[in-house]
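**Student:** Here you go, one structure.
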Amino acid sequence: MEVQFTREIEQLRLGAGQVFRGEGILAITKALLQAGVSYVGGYQGAPVSHLLDVLVQARPYLETLGVQVQACSNEASAAAMLGASIHYPVRGAVTWKSVVGTNVASDALSNLASPGVRGGVLVIVGDDYGEGASVVQERTHAFAMKSTLLLIDPRPDLPWMVHMVEHGFALSEASSMPAILQLRIRACHVRGQFECRDNVSPAISSRHALPDPAAFDYSRLSHPPVIFSQERLKVAERLPAARRAILDRGLNERIGDDAGPLAELGIVVQGGLTNALVRAMQLCGLAAGLGEVSLPVLVLNVTYPLVPEQIVSFCEPRRAVLVVEEGSPEFIELETAAALRRAALGTELHGKGDLPATGEYTVEVLARGLLAFLQQHAPHHPGIAGAQAWLATVQAQRAAAARMLEKPLPPRPPGFCTGCPERPVFAALKLAQQQLGPVHVAADIGCHAFGTFAPFSSGHSILGYGMSLASSAGVGPLMQRRTLAVMGDGGFWHNGLLSGVQSALFNGNDAVLLIFKNGYTSATGTQEILSSPHVQPDLTPDADVGASRTDRNHTIEAALQGLGVQWLRTVHSYRVEAMRRTLVDAFESPFKGLKVIIAEGECQLERQRRLRPWMARMLQRRERVVRVKYGVDEDVCTGDHACMRLSGCPTLTLKDNPDPLKVDPVATVTDGCVGCGLCGENAHAAALCPSFYRGERVTNPRWHERALHALGAPLRRWLMGASR
């Protein structure tokens, strides 16, 4: 029922001499198999969801190699898998979204880093830092430093990224340090090609199992008192070994002209920013069309640990060096400054100041920073004028666009998909608050976080995936009215069951929990979870949007009842009035304790992925197919648009009033409607105007339907004429 990656899975089978073509994240997936990985796990999250999705769907092929694949319940359980590499020479890789995923996994990662590993360990983290981020603006670098983990930030080039996966495992084994492979969103989606090698069936695997467990070795535990010697080993042995391996393998690159007119200047850059930097250098006249740069650059494909002698060697002949480091604090710049100070070098160091302290380093941002650097140290360089002209053009284009628009564009925040089963629940919550008064809402990570945007604007805090109920524990006793926590089924299994529900029951919290049971971890790509439905679609015209001809999986209800939840209601997501009444009941109930409402309605994207091919096959067989559509009677619509303020559905929009005597535009439902019925439900629940109608479009009707349609045609024509 998920998105299928058939083509991608086939590319995993490519052998020596064949060419892989595709995205960066899929190249990383192939590289894991070429490196002889024994086990893979993880928790999905942008921009690395495809890695685990492809491996899970390719499990039959991976089993032939002996590679174990585990879809984990959260990042902590994924990180705990890496314990296999503490005692045994097996390579393991896990993946999740950074930096929040790393925070969830921190307990296991810290306890893994302390004893170190014998088999190579690679943690692949997806980083969407910047304007398009869906996480807090923090850096993985800080975690690598505090736990003494290798941090690899590869240059966005497919052959080099594959190279760094294979060397990342080797570097981990040479230093006994787990490695983090940081992939920015542009690295994940950069396209290219590389020549493949054969996949490696690991020596120790599910096909070649170990006959006996390792002998007991207390020194391999993360437990006092041995942790004190492990800390010493980190500094005295592991870091020096990592630095030697970085140098011996040439993992950091030197590019640019060391003998040209700008040789006395230099740039130190994180590997992941290299492509953007080269483009900015082109704009400043410092690089040719194919990327050959005329100024010395040290590309740090391994950003932790740095190699002080490498930094000093690069900076020694330079009069000034610019450190290009995205994010704050400026860890690399500070460590570079310390290395130069210890070596008593007088090289002038630039970084934050010429470049902004925060925010994503786009090409424009980098061009401005390079321009400031050149103006100080090469004021007569001919590229300065070209960069100034390009930046001025960009600014002029923005100004011209603003003049043409006359006023700023309205904000376009992300929102629920068309027909999303979560939209009607927030509409019901909005209606319930008209009766109850304002309610404190603890929001959560997931699709339901879109409820914080207009027209619902519902949510007072977001503190972690599945943490909404836990985050309401402090404020709940301080409010005169009960608080509401909103959680998805993905968040429920990720963290909410124990940190939220178990804690609330143990402490006797008098709160309301609303769980969206849409059947998937939807916000990260609709991966299946423990409570995913295994359904066949019901195509009858009167079927509920989320209906199925097979029994649903009631695992969430069973888990809640098993913990001792006494007040539990399950309501169909699309029944706005029923949900409104249930919410009011939960807040006004005399029952003291946790009250749980489960809003049940399958993710509309997944439902449509089943329905569309199903209906296409029926149409090919010339079978009867009914499509439900909703619309607005233009003659009845008053143009007050209250329906939109309660819905936010992208298919419910405006059009010019067909009546020339009326000025206000009328509501209309576009062809994108999936027939969820929310517009009509809202109109009924909120006692709005009766302008919505429900229609059925029948393809390949039966003979008696054709006959009735023909017989009724004269009557319909007469009624239409009478109405005019």
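The values are calculated or read from the model by the stated rules, or taken from the named source; none is laboratory data. Everything quoted here is computed from the prediction, not taken from an experiment. Cβ sites come from the backbone with ideal geometry, for glycine too, and all protein chains shown count toward neighbours. When the accessible area is computed, the model is the full protein with side chains, heavy atoms only, and any ligands, DNA or RNA have been set aside. Shrake-Rupley method; radii C 1.70, N 1.55, O 1.52, S 1.80 Å.
**Student:** When you scan the range 419-452, how many residues do you find that are at negative phi, part of a loop (DSSP other than H, G, I, E, B) and either surrounded by fewer than 18 Cβ atoms within 10 Å (Cβ to Cβ) or in contact with a helix residue (DSSP H, G or I) (Cβ under 7 Å, 6 or more places away or on another chain) (or both)?
**Tutor:** Matching residues across the range 419-452 total 8.
**Student:** Still on this structure, please answer the following. Can you tell me which of (1) over 37 Å from the mean Cα position of the chain (by Cα); (2) open to solvent by less than 20 Å² (accessible area, probe 1.4 Å) is the one A245 doesn't meet?
**Tutor:** Of (1) over 37 Å from the mean Cα position of the chain (by Cα); (2) open to solvent by less than 20 Å² (accessible area, probe 1.4 Å), only one is false for A245: (1).
**Student:** When you check V666 against the structure, is it in contact (Cβ under 8 Å) with a residue 60 or more places away in the chain, within 16 Å of G680 (Cα to Cα) and of a type in the set (V, I, T), yes or no?
**Tutor:** Details: in contact (Cβ under 8 Å) with a residue 60 or more places away in the chain: no; within 16 Å of G680 (Cα to Cα): yes; of a type in the set (V, I, T): yes.
Against the criterion (in contact (Cβ under 8 Å) with a residue 60 or more places away in the chain, within 16 Å of G680 (Cα to Cα) and of a type in the set (V, I, T)), V666 does not qualify.
**Student:** Can I ask one more? Testing I598 on (1) open to solvent by 10 Å² or more (accessible area, probe 1.4 Å); (2) modelled with pLDDT of 90 or more, one condition comes back false. Which one is that?
**Tutor:** Among (1) open to solvent by 10 Å² or more (accessible area, probe 1.4 Å); (2) modelled with pLDDT of 90 or more, I598 violates only (1).
**Student:** List every residue pair whose Cβ atoms sit under 7 Å apart, with the two residues 6 or more apart in sequence or on different chains, where the first one lies in the range 262-282 and is within 27 Å of V394 (Cα to Cα) and part of a helix (DSSP H, G or I) and the second, anywhere, is open to solvent by 10 Å² or more (accessible area, probe 1.4 Å) and among the polar types (S, T, N, Q).
**Tutor:** Matching pairs, first to second residue: G272/Q182; A276/T362.
**Student:** Quick check on the range 361-368. Is at least one of its residues loosely packed, with under 14 Cβ neighbours inside 10 Å and of a type in the set (A, V, I, L, M)? Can you show your working first?
**Tutor:** Initially, the range 361-368 is screened for residues loosely packed, with under 14 Cβ neighbours inside 10 Å, giving none.
There is no residue in the range 361-368 that is loosely packed, with under 14 Cβ neighbours inside 10 Å and of a type in the set (A, V, I, L, M).
Per-residue answers, yes or no, for (1) under 18 Å from P329 (Cα atoms); (2) β-branched (V, I, T); (3) without any contact (Cβ under 8 Å) to a residue 60 or more places away in the chain:
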| site | (1), (2), (3) |
| --- | --- |
| T95 | no, yes, yes |
| D107 | no, no, yes |
| A113 | no, no, no |
| Q137 | yes, no, no |
| H141 | yes, no, no |
| H167 | no, no, no |
| S172 | no, no, yes |
| Q182 | yes, no, no |
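**Student:** Scan the range 374-388 for residues that are open to solvent by less than 70 Å² (accessible area, probe 1.4 Å) and either farther than 17 Å from E264 by Cα or not in a loop (DSSP other than H, G, I, E, B) (or both) and jot them down. Lay out the reasoning, then the answer.
**Tutor:** Start the filter on the range 374-388 by keeping residues that are open to solvent by less than 70 Å² (accessible area, probe 1.4 Å), which leaves 374, 377-378, 381, 383-387.
The answer is L374, H377, G383, I384, A385, G386, A387.
**Student:** Regarding the range 155-173, can at least one residue be identified that is touching a Lys or Arg at 6+ places or on another chain (Cβ under 9 Å), open to solvent by 40 Å² or more (accessible area, probe 1.4 Å) and hydrophobic (A, V, I, L, M, F, W, C)?
**Tutor:** No, the conditions are met nowhere in the range 155-173.
**Student:** Name the residue, out of M177, M164, that is in a loop (DSSP other than H, G, I, E, B) and modelled with pLDDT of 95 or more.
**Tutor:** Only one candidate passes the filter, namely M177.
**Student:** Ok, one more. So which residues in the range 76-131 are of a type in the set (S, T, N, Q), part of a helix (DSSP H, G or I) and open to solvent by less than 10 Å² (accessible area, probe 1.4 Å)? Talk me through it step by step, then tell me what you get.
**Tutor:** First, pick out the residues of the range 76-131 that are of a type in the set (S, T, N, Q): 77, 85, 95, 98, 102-103, 106, 110-111, 114.
From what is left, the residues that are part of a helix (DSSP H, G or I) are 77, 85, 102-103, 106, 110-111.
Result: S85, T102.
**Student:** I've got another one for you. Buried (at least 16 other Cβ atoms within 10 Å of the Cβ), farther than 30 Å from C315 by Cα and of a type in the set (S, T, Y) - does that describe any residue in the range 260-282?
**Tutor:** no
**Student:** Here is a follow-up. Restricting attention to the range 320-348, and to residues there that are assigned to a loop (DSSP other than H, G, I, E, B) and loosely packed, with under 15 Cβ neighbours inside 10 Å, which single residue is modelled with the highest pLDDT?
**Tutor:** Among residues in the range 320-348 that are assigned to a loop (DSSP other than H, G, I, E, B) and loosely packed, with under 15 Cβ neighbours inside 10 Å, the one modelled with the highest pLDDT is A344.
**Student:** Here's a follow-up. Please go through the range 471-513 and pick out each residue that is modelled with pLDDT of 95 or more, under 17 Å from L436 (Cα atoms) and either small (G, A, S) or open to solvent by less than 40 Å² (accessible area, probe 1.4 Å) (or both).
**Tutor:** Selection gives R482, T483, L484, A485, A511, V512, L513.
**Student:** Moving on. Considering only the range 612-631, state which residues are modelled with pLDDT of 85 or more and either in contact with a Leu (Cβ under 9 Å, 6 or more places away or on another chain) or more than 26 Å from N700 (Cα to Cα) (or both).
**Tutor:** Correct list: W614, M615, M618, V625, V626.
**Student:** Can you pull out every residue in the range 5-54 that is in contact (Cβ under 8 Å) with a residue 40 or more places away in the chain, in a helix (DSSP H, G or I), polar (S, T, N, Q) and closer than 25 Å to Y520 by Cβ?
**Tutor:** Step one: list which residues in the range 5-54 are in contact (Cβ under 8 Å) with a residue 40 or more places away in the chain, which gives 5, 8-9, 12-25, 27-28, 30-54.
Now restrict to residues that are in a helix (DSSP H, G or I): 8-9, 24-25, 27-28, 30-34, 49-54.
From the residues that got through so far, the ones that are polar (S, T, N, Q) too are 34, 49.
The one that is in contact (Cβ under 8 Å) with a residue 40 or more places away in the chain, in a helix (DSSP H, G or I), polar (S, T, N, Q) and closer than 25 Å to Y520 by Cβ: S49.
**Student:** Restricting to the range 283-305, give me the number of residues that are modelled with pLDDT under 95 and either open to solvent by 20 Å² or more (accessible area, probe 1.4 Å) or not in a loop (DSSP other than H, G, I, E, B) (or both).
**Tutor:** Counting residues in the range 283-305 that are modelled with pLDDT under 95 and either open to solvent by 20 Å² or more (accessible area, probe 1.4 Å) or not in a loop (DSSP other than H, G, I, E, B) (or both) gives 10.
**Student:** Checking R184 against (1) touching a strand residue (DSSP E or B) at 6+ places or on another chain (Cβ under 9 Å); (2) open to solvent by 50 Å² or more (accessible area, probe 1.4 Å); (3) among the charged types (D, E, K, R); (4) modelled with pLDDT under 95, only one condition comes out false. Which one?
**Tutor:** Failed condition: (2).
**Student:** Cβ contacts < 8 Å: first residue free of Cβ contacts under 8 Å to residues at least 12 places away in the same chain and within 26 Å of T670 (Cα to Cα), restricted to the range 684-712; second residue charged (D, E, K, R) and open to solvent by less than 40 Å² (accessible area, probe 1.4 Å), any location; separation 6+ or different chain. Result?
**Tutor:** Between residues of the range 684-712 that are free of Cβ contacts under 8 Å to residues at least 12 places away in the same chain and within 26 Å of T670 (Cα to Cα) and residues that are charged (D, E, K, R) and open to solvent by less than 40 Å² (accessible area, probe 1.4 Å), there is no close pair.
Conditions tested, residue by residue: (1) surrounded by fewer than 19 Cβ atoms within 10 Å (Cβ to Cβ); (2) hydrophobic (A, V, I, L, M, F, W, C); (3) in contact with a Phe, Trp or Tyr (Cβ under 7 Å, 6 or more places away or on another chain).
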site	(1), (2), (3)
Q604	no, no, no
R607	no, no, no
R610	yes, no, no
M618	yes, yes, no
R624	yes, no, no
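**Student:** Step by step: first the residues of the range 217-238, then only those that are of a type in the set (G, A, S) and within 19 Å of A144 (Cα to Cα), then the one that is surrounded by the fewest Cβ atoms within 10 Å (Cβ to Cβ). Which residue is that?
**Tutor:** A236
**Student:** Can you name the residue in the range 690-704 that is within 28 Å of C637 (Cβ to Cβ) and in a loop (DSSP other than H, G, I, E, B) and, of all such residues, is modelled with the lowest pLDDT?
**Tutor:** In this case the residue turns out to be P690.
**Student:** Does I9 meet the test of being within 22 Å of the chain's Cα centre (by Cα) and either open to solvent by 10 Å² or more (accessible area, probe 1.4 Å) or β-branched (V, I, T) (or both)?
**Tutor:** Numbers: within 22 Å of the chain's Cα centre (by Cα): yes; either open to solvent by 10 Å² or more (accessible area, probe 1.4 Å) or β-branched (V, I, T) (or both): yes.
Criteria met by I9.
**Student:** It is to be established whether one or more residues within the range 202-213 are basic (K, R) and closer than 28 Å to A144 by Cα.
**Tutor:** No, there is no match, as no residue in the range 202-213 is basic (K, R) and closer than 28 Å to A144 by Cα.
**Student:** In this structure, does E138 turn out to be open to solvent by 10 Å² or more (accessible area, probe 1.4 Å) and either touching a Leu at 6+ places or on another chain (Cβ under 6 Å) or under 20 Å from L247 (Cβ atoms) (or both)?
**Tutor:** Details: open to solvent by 10 Å² or more (accessible area, probe 1.4 Å): yes; either touching a Leu at 6+ places or on another chain (Cβ under 6 Å) or under 20 Å from L247 (Cβ atoms) (or both): no.
No, not satisfied.
**Student:** Can you spot a residue in the range 449-461 that is over 23 Å from the mean Cα position of the chain (by Cα) and at pLDDT 95 or above?
**Tutor:** no
**Student:** Looking at C637, is it surrounded by 13 or more Cβ atoms within 10 Å (Cβ to Cβ), under 29 Å from Q435 (Cβ atoms) and in contact with a strand residue (DSSP E or B) (Cβ under 7 Å, 6 or more places away or on another chain)?
**Tutor:** Answer is yes for this residue.
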